[in-house]
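Single-structure report; data block below.
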Number of protein chains: 2
Amino acid sequence: MRDERIALSHGSGGRLTHHLIEDMFLRFFDDPILQELNDQAIFRSPSSRIAFTTDSYVVNPIFFPGGDIGKLSVCGTVNDLVVGGAEPLYMSVSFIIEEGLPVTDLERIVASMAETSRKTGIRIVTGDTKVVERNKGDKIFINTTGIGVVRDGIDLSPRHIKPGDVIIVSGTIGDHGIAILTHREGIGMETPVESDCAPLNGLVRDILDGSDGIRAMRDPTRGGLATVLNEFAHQCGLCILVKEEDVPVRDEVRGACEILGFDPLYLANEGKIVVVASEDEASGILDAMRKNPLGREASIIGRVLKEPERKVLIETPVGNRRILDMPSGEQLPRIC
Amino acid sequence: MRDERIALSHGSGGRLTHHLIEDMFLRFFDDPILQELNDQAIFRSPSSRIAFTTDSYVVNPIFFPGGDIGKLSVCGTVNDLVVGGAEPLYMSVSFIIEEGLPVTDLERIVASMAETSRKTGIRIVTGDTKVVERNKGDKIFINTTGIGVVRDGIDLSPRHIKPGDVIIVSGTIGDHGIAILTHREGIGMETPVESDCAPLNGLVRDILDGSDGIRAMRDPTRGGLATVLNEFAHQCGLCILVKEEDVPVRDEVRGACEILGFDPLYLANEGKIVVVASEDEASGILDAMRKNPLGREASIIGRVLKEPERKVLIETPVGNRRILDMPSGEQLPRIC
């Protein structure tokens, strides 16, 4: 099968679909619940508080420096669970494949998903495959939907944010956006930027174990840091003031942004979290983050003010303040 | 917004994405959990046994006699939960939209999903939207992923099937397949066939409440009745013998199949279930089904034999038996 390409009949539900499931998906995703091959996975939940998240991935290109659409889809679902304070447990995987995709490409993606799910401990327990005709899709789209359990005592929500709270970001921003853009457009760089695509369950566990001062967390993916801060400001009804010079940005990313006309604050990240925490807990959280390889460049970038309500302000190094709005047009299509 | 078309920026995660969420999705899907607009939905589960199912819908055309891709996606997820003996509770919705889709088409689909979710009681609690460039998708693809709870004492599995068990189908087969095919290809028919697309939670509740003799259930969607019977035979290691003349098929569907060269046993259904039950409970289950409008034409179509192992046999009206295999080539692409 390895020299083959995906055909419409791989999506027919018949013999070829079953071959694909048995020879490819069950080989890599070897969970006993998935092996039941029922229309639904059934399992016991160790807690009654369930977290549930979905994302479809349409990133172009499907292989990029630092990752691929498969790794991205597992990391994205894990990260969306952990920022809600949930422990990732189970996930579904649904493929929409364009006819003609080389089977070796699918295998590479499936292997990457299997590896990432093993690393993070999330179990792939149910799935689906559809195939569409050439030019009715684009290589492969993946939906991953995750279930996690929320630990007792944890209740994270932007509504808990209070004036005086501190904004922490777990590392440099814009890496994923620039990695995808430069790779897609064939822009050569002296030091190529890799996507930061990574599962954040370990990092989040470290800070949740060490502090009860965390109000809210979110991962600044599509729409970037500026979008997450605006969502926070909107949902708590307060103002967030960010100091531009305190936001960590790699030199290569800053350089690429200047040449290409992008603002790193709006670029997607796939391995970062933004945390809002009480002032007295902030330095402890920062220390805990920095001890984790994925949070080594964590920084305090701003704080929460009473007003202007529902606004994000950014202060330049010379002290000027301007409103940091949500992105209004298309930044980069198909970044995740 | 109603005269507009979906643009790439509706998928950017920025201002236009937020408009779409607030003006369209939250207007129709008005669940308080969804309104939290967090990256994950958090809720309490009333039982520790959870059922979990996913499907992506790529049906072409997106509007067809008897339904649309939105109704189909909600029914499909509800049905995949109920055939596992689960009560549908929560679902996610993830859209992959081709740039240029009229906003009114999206609204019609979203309204149809909202109506179907209200009818079935499943709550839409989290979602995602991506937009791809023209000719990199096809109007709209929808992933729905559902969570249900399994009632105490219920344990359905093809592995419980025993020799002597009876096979029941809840009504006529092939309606959805012929509805999609004739509508897509513009084949005029004297009596146009409508898709049977329907949520089966009520019908399944009726039979589960009335009998503890149900071994396994499945909905014969893509791949049709023949595929489900083969899956059953494979998973229980026994033989299933079907009497061809007992399988209910509408005259219009039979006629269309003869002209177009299809076999109704391989055509997709979206509002039917196949039940395997103990012999002594079969007539009670049949009666319960026939009292429900969605099971009025329920029929006993066959039974389970010891051998030949893992095979499905079909007996013609004159008594000849042949093997009914899984479909091996492409039957009908993009049927669901």
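The values are calculated or read from the model by the stated rules, or taken from the named source; none is laboratory data. Keep in mind it's a predicted model, so treat the numbers as computed, not measured. We place every Cβ from the backbone using ideal geometry, glycine too, and count neighbours over all the protein chains shown. Accessible surface areas use protein heavy atoms only, side chains included; no ligands, DNA or RNA. Shrake-Rupley method; radii C 1.70, N 1.55, O 1.52, S 1.80 Å.
Would a scan of the range B:9-16 turn up a residue that is open to solvent by 10 Å² or more (accessible area, probe 1.4 Å) and over 25 Å from A:Gly84 (Cα atoms)?
yes
Working carefully through the options B:His176, B:His183, find the one that is open to solvent by 10 Å² or more (accessible area, probe 1.4 Å), within 16 Å of B:Phe63 (Cα to Cα) and not assigned by TED's automatic domain parsing to the domain that holds B:Leu72. Spell out the reasoning first.
Values: B:His176 fails: open to solvent by 10 Å² or more (accessible area, probe 1.4 Å).
The unique qualifying residue is B:His183.
Among the helices (runs of 4 or more DSSP H) confined wholly to the range B:201-280, which include 2 or more residues that are modelled with pLDDT of 95 or more and within 19 Å of the chain's Cα centre (by Cα)? Explain how you work it out, then say what you get.
Details: elements: B:201-210, B:224-236, B:251-260.
Qualifying helices (runs of 4 or more DSSP H): B:201-210, B:224-236.
Exactly one of these conditions fails for A:Glu36: (1) within 30 Å of B:Pro327 (Cα to Cα); (2) free of Cβ contacts under 8 Å to residues at least 12 places away in the same chain; (3) facing chain B (nearest Cβ under 7 Å). Give me its number.
For A:Glu36, the failing item is (3).
When you go through B:Arg310, B:Arg296 one by one, which is the residue that is touching a residue at least 12 places away in the same chain (Cβ under 8 Å) and on the phi > 0 side of the Ramachandran plot? Lay out the reasoning, then the answer.
Numbers: B:Arg296 fails: on the phi > 0 side of the Ramachandran plot.
Going through B:Arg310, B:Arg296 in turn, just one is touching a residue at least 12 places away in the same chain (Cβ under 8 Å) and on the phi > 0 side of the Ramachandran plot: B:Arg310.
For the range B:128-138, which residues satisfy the criterion of being open to solvent by 40 Å² or more (accessible area, probe 1.4 Å) and facing another protein chain (nearest Cβ under 7 Å)? Quick ask: steps written out before the conclusion?
As a first pass, look at the range B:128-138 and keep what is open to solvent by 40 Å² or more (accessible area, probe 1.4 Å): B:133-136.
Passing the criteria: B:Glu133, B:Asn135, B:Lys136.
Considering only the range A:6-20, state which residues are part of a helix (DSSP H, G or I) and within 11 Å of chain B (Cβ to nearest Cβ).
Narrowing the range A:6-20 to residues part of a helix (DSSP H, G or I): A:8-11, A:15-20.
Within the range A:6-20, A:Leu8, A:Ser9, A:His10, A:Gly11, A:Arg15, A:Leu16, A:Thr17, A:His18, A:His19 qualify.
So, A:Leu238, is that one open to solvent by 10 Å² or more (accessible area, probe 1.4 Å), under 26 Å from B:Thr17 (Cβ atoms) and of a type in the set (A, V, I, L, M, F, W, C) or not?
Details: open to solvent by 10 Å² or more (accessible area, probe 1.4 Å): yes; under 26 Å from B:Thr17 (Cβ atoms): yes; of a type in the set (A, V, I, L, M, F, W, C): yes.
Criteria met by A:Leu238.
Hey, can you tell me all the residues within the range A:263-317 that are open to solvent by 50 Å² or more (accessible area, probe 1.4 Å) and closer than 19 Å to A:Cys197 by Cβ?
A:Pro293, A:Leu294, A:Arg296, A:Glu297
Among the listed residues A:Asp3, A:Asp23, A:Asp80, identify the single one that is over 22 Å from B:Asn143 (Cβ atoms) and either part of a loop (DSSP other than H, G, I, E, B) or facing another protein chain (nearest Cβ under 10 Å) (or both). Working first, answer last.
Values: A:Asp23 fails: either part of a loop (DSSP other than H, G, I, E, B) or facing another protein chain (nearest Cβ under 10 Å) (or both); A:Asp80 fails: over 22 Å from B:Asn143 (Cβ atoms).
Just a single option satisfies the conditions, and that option is A:Asp3.
Provide a single number: the residues in the range A:139-150 that are surrounded by fewer than 24 Cβ atoms within 10 Å (Cβ to Cβ), over 26 Å from A:Arg205 (Cβ atoms) and at the interface with another protein chain (Cβ under 7 Å from one of its Cβ atoms).
First pass over the range A:139-150, keeping only residues surrounded by fewer than 24 Cβ atoms within 10 Å (Cβ to Cβ): A:139-140, A:149-150.
Filter once more, keeping what is over 26 Å from A:Arg205 (Cβ atoms): A:139-140.
Adding the requirement that they be at the interface with another protein chain (Cβ under 7 Å from one of its Cβ atoms) leaves none.
Within the range A:139-150, residues that are surrounded by fewer than 24 Cβ atoms within 10 Å (Cβ to Cβ), over 26 Å from A:Arg205 (Cβ atoms) and at the interface with another protein chain (Cβ under 7 Å from one of its Cβ atoms) number 0.
I'm checking my understanding of the structure. Among residues of the range A:39-58 that are of a type in the set (Gly, Ala, Ser) and either more than 7 Å from chain B (Cβ to nearest Cβ) or assigned to a loop (DSSP other than H, G, I, E, B) (or both), which one is least open to solvent (accessible area, probe 1.4 Å)? Write out each step before concluding.
Pass one, the range A:39-58, residues of a type in the set (Gly, Ala, Ser): A:41, A:45, A:47-48, A:51, A:56.
Pick out the ones that are also either more than 7 Å from chain B (Cβ to nearest Cβ) or assigned to a loop (DSSP other than H, G, I, E, B) (or both) and you get A:45, A:47-48.
Numbers: A:Ser45: 14, A:Ser47: 30, A:Ser48: 47 Å².
Once the filter is applied, the top-ranked residue is A:Ser45.
Identify, by number, the condition in (1) at pLDDT below 95; (2) within 19 Å of the chain's Cα centre (by Cα) that A:Asp325 doesn't meet.
That leaves (2) as the condition not met.
State yes or no: is B:Ile50 at pLDDT 95 or above, more than 15 Å from the chain's Cα centre (by Cα) and among the β-branched types (Val, Ile, Thr)? If you could, list the steps in order and put the result at the bottom.
On the way: at pLDDT 95 or above: no; more than 15 Å from the chain's Cα centre (by Cα): yes; among the β-branched types (Val, Ile, Thr): yes.
So B:Ile50 does not fit the description; no.
Which of the residues spanning the range A:256-274 are away from chain B (no Cβ under 14 Å) and within 14 Å of A:Pro220 (Cβ to Cβ)?
Filtering the range A:256-274 down to residues away from chain B (no Cβ under 14 Å) leaves A:256-261, A:264, A:271.
Across the range A:256-274, the qualifying residues are A:Pro264, A:Gly271.
Applying the selection to the range A:118-127, what residues are open to solvent by 50 Å² or more (accessible area, probe 1.4 Å) and outside any strand (DSSP E or B)? Working first, answer last.
The initial filter retains those residues of the range A:118-127 that are open to solvent by 50 Å² or more (accessible area, probe 1.4 Å), namely A:118-119, A:123.
Passing the criteria: A:Arg118, A:Lys119.
I'd like to verify a number: residues in the range B:201-254 that are within 12 Å of B:Leu265 (Cβ to Cβ) and within 14 Å of chain A (Cβ to nearest Cβ), how many?
Matching residues across the range B:201-254 total 9.
Can you list the strands (runs of 3 or more DSSP E) lying wholly within the range B:289-335 that have 1 or more residues being within 14 Å of chain A (Cβ to nearest Cβ)?
On the way: elements: B:299-305, B:311-315, B:321-323.
Per the criteria, B:311-315, B:321-323.
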